[in-house]
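The next block holds one structure in the form of structure tokens; read it before the comments.
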Amino acid sequence: MKIINAKSCQEISDIATSIILKQIKKKKNSVLCLPTGKTPLLMYKKLVQLFHDGKISFEKVLCFNLDEYYGLNKENKNSYHYYMRKNFFNFVDAEDENIFILDGMAKNFKKECDDFEKKIKKTNGIDLMILGIGENGHIGFNEPEGSFLSRTRLVNLDISTRRANSKPFKSLRNTPKRALTIGLKTIMEAKQIILLASGNKKKNIVKKAFKDKINKKIPASILQTHKNVTAIIDFKI
Ligand code: F6R
């Protein structure tokens, strides 16, 4: 486990961007898995800038996303489909057929999740997985107490996650109760993982995830057993 101490969220984003750039330079058709949320916003901004400056192309890159709220359609402004378009895909040359985001409206969610796993397998695996972390230790939407062997599936969101994510939904009542998420086992199969965490609100959980014993109460703690994980953080643990 490697930890990189950055001074700010901007610096976290700069470092994450340079890791992505290096990966794509090494392999044009790299397979990425991408997060949403507040933390990676500056990273996407920087990637868009690099694309405009002609320093990076996503034309051949395969982009998977970690998760999506269940019950939200792609046009819903709070969906992760919308987030990805608004913050990233609308401004770069990623091809639609190379973008894979779980469909939150899938009636047959089991098939949707199994197909997602199959698509990942077909690529020969994720080269670079970019993660945020919830204040409860979730990665993707793998909430506390879930199995370390989990695959892509429908999950119930923790009340703490719903509270943390409730702002754009205006109330906790309107905040989705379920989501589709890639599993912990799927995350662990990525060849390289970077985890981004910014601000003191994340300090305790990152410390627990990387310094305490591995336990299901803190899903991110399983990352301790991965061969190539880097946490990029702007606080000391
Ligand atoms: C989002 C995701 C979540 C977030 C986490 C942190 O796709 O998978 O695990 O990364 O909830 O969110 P922020 O960055 O908003 O604190």
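We did not get these values from a lab; they are worked out from the coordinates using the rules stated. The model shown is predicted, which means the values in this text are computed figures rather than measured ones. In this analysis, Cβ positions are derived from the backbone assuming ideal geometry, glycine residues included, and neighbour counts consider all displayed protein chains.
For the chain, the antiparallel share of DSSP beta bridges with both residues in that region comes to about 30%.
3J(HN,Hα) along segment 19-26, derived from phi through the Karplus expression 6.51 cos²θ - 1.76 cosθ + 1.60 where θ = phi - 60°, amounts to 5, 5, 4, 4, 4, 6, 5, 5 Hz, with x in place of Gly and Pro.
Measuring how big segment 146-190 is from its alpha-carbon positions, Rg and Dmax come out at 12.5, 36 Å.
Residues whose amide H falls under 5 Å from that of Leu102, counting only those 5 or more places apart or on a different chain, are Asn65, with hydrogens built in the peptide plane. In order along segment 99-112, the Karplus-derived 3J(HN,Hα) couplings, from 6.51 cos²θ - 1.76 cosθ + 1.60 at θ = phi - 60°, round to 10, 10, 10, 4, 8, x, 9, 4, 5, 8, 5, 5, 5, 4 Hz, and Gly and Pro are given as x. For segment 82-136, taking Cα atoms only, Rg and Dmax work out to 13.4, 35 Å respectively. Fully extending the segment from Phe235 to Asn124 would add 36.5 nm, taking 0.36 nm per residue of separation and subtracting the current Cα-Cα distance.
In segment 175-237 the Cα-Cα distances spread across 10 Å bins starting at 0 as 20, 48, 30, 3 percent of all pairs. Entry for segment 51-180 at q = 0.15 Å⁻¹: log10 I(q)/I(0) = -0.78, Debye formula applied to identical alpha-carbon scatterers, no solvent contribution. For Lys217, a cut-off of 19 angstrom between C-alpha atoms picks up these lysines, skipping any fewer than 8 places away in its own chain: Lys185, Lys201, Lys202, Lys203, Lys207, Lys208. So what is the orientation-averaged projected area of segment 109-237, using the convex hull of its C-alpha atoms, in nm²? Taking a quarter of the hull surface, the average projection is 8.0 nm². Legend: translational diffusion of segment 1-108 by Stokes-Einstein, Rh = Kirkwood radius over C-alpha pairs, 20 °C, 1.002 mPa s; D = 146 µm²/s.
In units of the compact-protein estimate 2.2 N^0.38 Å, segment 45-107 shows a Cα radius of gyration of 1.18. Between Arg173 and Asn78, the FRET efficiency from the beta-carbon distance, with R0 = 22 Å, is close to 0.95. With both labels modelled 7 Å from their Cα along Cα-to-Cβ, the Lys28 to Arg85 distance reads 2.8 nm. Remark on the chain: Rg and Dmax equal 16.5, 46 Å (Cα only).
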